[in-house]
Structure formats: C-alpha cells, structure tokens
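Since the structure comes first, as structure tokens, the remarks are kept for the end.
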Amino acid sequence: MAACSPSAEGQRGDDFVIAVAPDSVEQAILGEIYRVLLESVGHPAAVTVVDEAATDPAVDLVRSGQADMAIACTGTLLSQINPQLAEEAAADIAHDDAAGDLNDDTVSETVYEYAVGSFPGDVMTVDPSPAQACAPEGEEPGEGPLPTNVIPVFNKAELNRGQLNRLNFVNRVLATEDLTTMIDEVEGGETVRKVVAEWMLQRTKITVDTQSEDEGDTGESDNVIEQPPM
C-alpha cells in the first residue's frame, strides 16, 4: 500500500484524487496504474485511501465529491446501482449455455453496457478491461454470476479526449493474470510503485523513475521520464 496515503481529515487537495479502499492491494495497484497514466499525460493525480471505497458504489464516491475517480468492476457496480437489471442479466447468463463463460467478450460487453447505461449523466468510464477483479474473499475473479471487468469511474468534466484515449488504452491492456501477479508481488514484499512501474514499462512502454534524487530510497516519485506518443 506504499502508493496510498489517507487524506487528512477527509480534506481534498488540488490533485485529481483517485479513491482506493483501505487494505485493498488490488485497488492500490489499479489506482497507481491510473495515477501514473494520468501523470504521463500532464494531469497531476494522487491515490488516496477513502474508507467508503470499501462499501459504496464508485459512482457515489465521484458524485459526492470524495474523489475524482474510483475503481469499479462491471458486474459488481451494476448490482450496486441497478440490482434489478443485474438480477435479470445474471438469470439470462445462467439460462444461456452459450453465454456461460464470463470471459466471453459478448457477455462482458453486455454487462458493461448495462452498467454504463445505469450511470447518472455526470459520470463516465472508458472501455472495460479484460481483467476481472472485485472478487469476494475466498473467491477467484470471475467466479460470480456476472463478469467483473475493471473500469475506472470518473467525473465526466475532468479529462480531455487525449487523456481519455490514453486511459482507455491502458485499461484494455491489463489482463487478469497481470493483476494477479502484481498482487502476489506486493503481498510478497514489493512496493506498489515498483511493481506498477515494471508493468507499465512492459505493457505500455511508459518509463517511471521510482527512485528520484529528491525522495531518496522511498520509491515514491511521480516522475514519468518517458512515454510513447499520443
């Protein structure tokens, strides 16, 4: 959780705030991926632990002003903001043998569209990640009744088209296996920033200096030293 720091008495700073749940390595990693990505396109951002991120829908966190971005998964979010439609979608999947694979693109896309169609008008997301997450304790990602593809939820007015395009790109290259591996590395003792920096270089060619001269050996640098063209 080295990438995250709780906000002082709930006060918001000037940076674009990415909310993550306390004690969630998965959300810490995803938040750091989005933070680095936004920094790389000139949009200062900070990952902040928000207690409500463990229980409240990402849409509510953004609309309430507690964060500019919150992390969600399609099926989980749909169940939170439109439970009736989520139940109907789960029933359709259960009764359709051809749709039984939650990793099937058609099923994932349908649940994503249901979730986005249930959004209020002032929030948005990008294309769903192939990565499945948000699994309850004791379950593996994708074991539930609905696909749970990772999506960042954010205020519609905050990001420009170039930033949206880059965010969409990084979300699409994240795989379930990548996320699982990064979680294992962090739980094994690596810092979130180091693990994410290595993944970003491998998958996106964005190079991050995780140990700047100003910050010693903390590994908490925001310095994106190289990125591919927009």
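Structure summary
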{"quantity": "Calculated P(r) of segment 16-204 - Cα pairs past 25 Å, %", "calculated": "30"}
{"quantity": "Long-range amide H partners of VAL20 with built H, under 5 Å", "calculated": "THR48, VAL49, VAL50"}
{"quantity": "Karplus (6.51, -1.76, 1.60) ³J(HN,Hα), θ = phi - 60°, over segment 149-162, in Hz, Gly and Pro reported as x", "calculated": "6, 5, 9, x, 10, 8, 5, 4, 8, 7, 10, 8, 5, x"}
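Throughout, read-outs are computed from the coordinates displayed, never taken from laboratory work. Computed from a prediction, not measured in an experiment: that's the story for all the values here.
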